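The values are calculated or read from the model by the stated rules, or taken from the named source; none is laboratory data. As the structure is a computational prediction, the values presented were derived from the model and not from experiment. Here the Cβ is made from the backbone with ideal geometry for all residues, glycine too, and neighbour counts use every protein chain on show. Accessible surface is based on the protein model in full, side chains and every heavy atom, while ligands, DNA and RNA are left aside. Shrake-Rupley method; radii C 1.70, N 1.55, O 1.52, S 1.80 Å.
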Amino acid sequence: MKDLLQRLHAKLGDFWWYSLMLFLAMRAADGLNVFVGLWLVPKYVEPSELGAVMPLTQFANFLAIPIAVFASTFRNELTSLAVKGKFGQLKTLMRGVFIATAIFLFLAIVICRFVLPAYLERIRVAEGSLGIAILVSSFVGTISPIYSNSLQALKKFKANSLISLIGAPVRLLTMIVTMPLRALTGYFVGQTAPSAFGIVGSVIALRKELSVPAESYWNREIVRRFATVFVLLGIWSLAGGFANLVETTILRQRLPEIDSAAYYMVTRFSDIAGFLATALAFTIFPYAADLAAKGKDCRPLVIKASLVIIASNALLAAFFWLFGERILLWLPHGETYAPYWWAIPWMVVIPTLMWLSSLYTTGELAAFRYGFLKWMVPVILVYPAALLFVTGHGYFDPYLPSSWVEFLNTHNICSLKTMLVWMTGNYLLRIVCCALAMLRQKKPHP
């Protein structure tokens with residue numbers, strides 16, 4: 001058996017072998033995650049509040065954007081240090097992460113104190129104990145990838161696979177204990193558990209590399225480069241976080257409660273579209289970085305991974321087109337959500353488009369190319385600006401031509417179907433721009 005696996009490894013090559021290993025480990029864990037998303041959460045969270053889960057999650061992610069940007073910046077620096085074997089400097093960087101996290105957490109607590117109550121009221125949530133749970137969930141969840149990125153840069157994919165495999169039962173057990181007490185608070189506590197476990201597991205896996213003495217790393221040149229990348233990625237992340245927050249808030253605020261709850265349910269299935277893409281995007285970064293460092297073109301690797309995602313998700317969409325309604329009927333409150341079966345294959349297409357654009361940006365970041373941000377940030381911001389204008393045009397009706405007002409009323413967002421049309425258009429625009437950028441990119445010369 002061992003010889004067979006070694007031959008398969010040699011035939012596939014490192015990239016596809018480790019992508020497959022990560023995919024299988026994550027999918028083994030997803031059996032429990034499916035149980036959480038499709039049974040445990042709907043069981044304890046009433047349909048009237050179920051639609052609030054995703055906007056609350058995006059609110060938490062928005063608060064954590066500064067440390068998330070720090071983590072993304074850190075990933076590029078870490079990859080460079082790992083390739084050079086400078087683990088003492090890597091240890092110094094990790095200490096800097098904790099200092100930055102403490103500062104950002106304090107600022108987030110202050111912001112949350114003034115903003116969260118009004119936001120909870122706007123999305124019709126009465127549970128007042130959510131504040132601390134949301135903050136802990138967002139910050140622990142954001143710090144955790146820093147450690148998984150360390151394993152990624154060192155190509156310790158076996159450790160990543162094991163952590164992913166064990167993290168799911170940790171999340172399940174935590175939710176089983178906490179959700180019966182307070183449903184939404186318990187949900188966010190459960191979201192925190194696998195991230196906390198991932199930090200501990202990564203530290204154990206990195207104990208050899210981190211056992212070296214810390215070495216001086218920061219100097220004026222590095223601080224200047226780090227700050228430049230931080231600002232660039234910060235602008236990008238703020239644009240994306242703002243777009244996601246506006247989108248999920250409108251889903252909750254503007255749509256009927258049953259439509260927003262149905263959106264949560266159908267996305268439990270459409271999230272499967274990201275299963276393979278997550279493994280590929282995680283694995284592709286260090287390999288794309290290696291190709292870029294050698295002066296080679298990483299576009300063929302990105303294109304091959306994209307074609308695999310398109311093929312697998314086309315089969316997934318076809319499956320849910322045939323069986324989506326029957327599956328929904330098996331779930332808690334299934335008769336309420338079954339009429340929305342058509343949204344499942346549609347929602348498989350939308351994250352597929354999102355992941356295709358993510359593979360392109362991953363390849364660019366791995367090659368330390370940030371020029372795409374010049375057009376990507378405006379493209380991202382067009383979407384929330386259009387959503388806010390369409391849903392809030394009543395403020396401007398006295399100043400707009402009557403034909404415009406009639407058009408905006410006709411295309412206002414009042415149902416799940418209308419919202420999915422907007423989401424599809426948003427990601428199609430990004431894909432077109434990414435494809436044009438790849439075509440215009442010059443082939444590097446070794």
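Descriptive notes on the structure:
- Selection status of residue 283, at pLDDT below 80, crowded, with 23+ Cβ neighbours inside 10 Å and β-branched (Val, Ile, Thr): yes
- Residues in region 327-343 that are farther than 16 Å from residue 42 by Cβ and modelled with pLDDT under 90: none.
- Subset of region 330-355 (residues that are open to solvent by 30 Å² or more (accessible area, probe 1.4 Å), assigned to a helix (DSSP H, G or I) and within 23 Å of residue 309 (Cβ to Cβ)): 346, 349, 354, 355
- Elements of the type helices (runs of 4 or more DSSP H) sitting completely within region 367-446 and holding at least 2 residues that are modelled with pLDDT of 90 or more and β-branched (Val, Ile, Thr): these cover 373-391, 416-440.
This table checks each residue for (1) within 21 Å of residue 358 (Cβ to Cβ); (2) in contact with a Cys (Cβ under 9 Å, 6 or more places away or on another chain); (3) outside any helix (DSSP H, G or I).
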| site | (1), (2), (3) |
| --- | --- |
| 199 | no, no, no |
| 215 | no, no, yes |
| 235 | yes, no, no |
| 249 | no, no, no |
| 258 | no, no, no |
| 262 | no, no, no |
| 268 | yes, no, no |
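- Residue in region 207-226 that is of a type in the set (A, V, I, L, M, F, W, C) and crowded, with 20+ Cβ neighbours inside 10 Å present: no
- Residue that is least open to solvent (accessible area, probe 1.4 Å), among those in region 142-187 that are among the charged types (D, E, K, R) and either part of a helix (DSSP H, G or I) or out of contact with any helix residue (DSSP H, G or I) (no Cβ under 9 Å at 6 or more places or on another chain) (or both): 171
- Each residue in region 201-228 was checked for being of a type outside the set (Phe, Trp, Tyr) and out of contact with any Phe, Trp or Tyr (no Cβ under 9 Å at 6 or more places or on another chain), and 13 pass.
- Hey, residue 204 touching a residue at least 60 places away in the same chain (Cβ under 8 Å) and out of contact with any helix residue (DSSP H, G or I) (no Cβ under 6 Å at 6 or more places or on another chain) or not: no
- Put simply, of 288, 314 the only residue that is modelled with pLDDT of 80 or more, surrounded by fewer than 19 Cβ atoms within 10 Å (Cβ to Cβ), assigned to a helix (DSSP H, G or I) and of a type outside the set (Lys, Arg) is 314.
- Residue list for region 268-314, restricted to those being small (Gly, Ala, Ser) and farther than 30 Å from residue 36 by Cα: 288, 289, 292, 293, 295
- Criterion applied to 305, 243 was being touching a Pro at 6+ places or on another chain (Cβ under 6 Å), at pLDDT 85 or above and buried (at least 17 other Cβ atoms within 10 Å of the Cβ), and the one residue passing it is 243.
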